[in-house]
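Here is the structure we will look at.
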Amino acid sequence: MSRLAAVALLTLLAACERPAPQGDPEALALLDRARAHHGSALLDDATVRFAFRGTPFVAERDGGRFRYSRTLTDERGRVIEEVVDNDGAHRFVDGVEAPLTADGAAALTTGVNSVVYFALLPAPLADPAVRARLLTPDRVGGEDYDRVEVTFAQNGGGADYQDRYVYWLRQSDGQIGHYAYTYEVTPGDTARAATGTRFRVPIRTWREGGVVFQDWRNLSADSLGALRAFGDAYDAGRTFEVSTVVLDSVRVER
């Protein structure tokens, strides 16, 4: 999963007053429609609890304050809470804050924010670092979609500001139907290639506390020329699954 410029995007999203994203007016209107359909405004003052691959996460937002956390248990049975908030990154071991190196803080921030970012989509697309461009419509799986390409400004876009996304937004109601993205991993991460692309296909869509959440199949394709070509590749059977992205036990509290 790409780090997505997650630090800057999620931090700025939590602010009470913020400049708007920029780009084609039509593209921005489509993103607004998607956020309205998904109920993203309800997340401005809410706590979202969920589990991802067995790890509990909590995203708390209260006006300009935010606190995103995950809770782990280490090999010694100690409870580790990793937190990103307005003041930075923190690790608590059995309730006592432990020091972090700069690399440790960066890895913690990426690990927490990247999961929260995807879980809250399309809410983060209101971030001022977002740059939206209208693409031609597309038809995938027999359904019609509008398409918006999203990139990020370097100023405020975080370390991964060069990442790119294409969102397939259902023409009937604005819901995210699919999305594709590029990613880069940090040096030393040998779990996968240093760069690549992914295309997400929904497994399940449901509404919890007035907010639409989605689970995804994470797909890739060989010899893909551009992100926008993923729809055709998927319909032609040229994609293959690399993982699933599933949220468990989702609760929205206000």
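The values are calculated or read from the model by the stated rules, or taken from the named source; none is laboratory data. Note that the structure is a prediction, hence the values are computed from the model and not measured. Quick reminder, even Gly has a Cβ in these numbers, built from the backbone with ideal geometry, and neighbours come from all protein chains shown. Just the protein is used for accessible areas: all its heavy atoms, side chains included, with ligands, DNA and RNA removed. Shrake-Rupley method; radii C 1.70, N 1.55, O 1.52, S 1.80 Å.
Cβ-Cβ contacts under 9 Å between residues 6 or more apart (or on different chains), taken from a first residue in the range 87-101 that is in contact (Cβ under 8 Å) with a residue 12 or more places away in the chain and closer than 19 Å to THR73 by Cβ to a second residue that is open to solvent by less than 90 Å² (accessible area, probe 1.4 Å) and of a type in the set (Lys, Arg), are listed as VAL93/ARG78; ASP94/ARG78. Taking strands (runs of 3 or more DSSP E) as the structural unit, those lying wholly within the range 68-146 and holding at least 3 residues that are not small (Gly, Ala, Ser) correspond to 79-85, 88-93, 130-140. Which of the residues belonging to the range 34-59 are within 16 Å of PHE118 (Cβ to Cβ) and of a type in the set (A, V, I, L, M, F, W, C)? Passing the criteria: ALA34, LEU43, VAL48, PHE50, ALA51, PHE52, PHE57, VAL58, ALA59.
Looking only at residues in the range 25-50 that are open to solvent by less than 20 Å² (accessible area, probe 1.4 Å) and of a type in the set (Gly, Ala, Ser), the one that is nearest to VAL252 (Cα to Cα) is ALA46.
It is to be established whether one or more residues within the range 147-158 are at pLDDT below 95, surrounded by 18 or more Cβ atoms within 10 Å (Cβ to Cβ) and more than 24 Å from THR110 (Cβ to Cβ). No, the range 147-158 has no match at all. Would you check if ARG254 is touching a strand residue (DSSP E or B) at 6+ places or on another chain (Cβ under 7 Å), open to solvent by 30 Å² or more (accessible area, probe 1.4 Å) and modelled with pLDDT under 95? In short, yes. For the range 108-124, taking the residues that are among the small types (Gly, Ala, Ser) and modelled with pLDDT under 95, the one that is nearest to HIS38 (Cα to Cα) is identified as ALA123.
Quick check on LEU100: is it open to solvent by 30 Å² or more (accessible area, probe 1.4 Å) and touching a strand residue (DSSP E or B) at 6+ places or on another chain (Cβ under 7 Å)? Break it down into steps so the answer makes sense when it comes.
Values: open to solvent by 30 Å² or more (accessible area, probe 1.4 Å): yes; touching a strand residue (DSSP E or B) at 6+ places or on another chain (Cβ under 7 Å): yes.
When the stated conditions are applied, LEU100 passes them.
Among residues of the range 207-242 being exposed (fewer than 13 other Cβ atoms within 10 Å of the Cβ) and free of Cβ contacts under 8 Å to residues at least 40 places away in the same chain, the one that is nearest to the chain's Cα centre (by Cα) is GLU241. Any idea which residue in the range 61-83 is nearest to ASP45 (Cα to Cα), counting only those that are open to solvent by less than 20 Å² (accessible area, probe 1.4 Å) and free of Cβ contacts under 8 Å to residues at least 40 places away in the same chain? Top of the filtered list is VAL83. Could you please let me know if THR136 is hydroxyl-bearing (Ser, Thr, Tyr) and modelled with pLDDT under 95? Judged against the criteria, THR136 is not a match.
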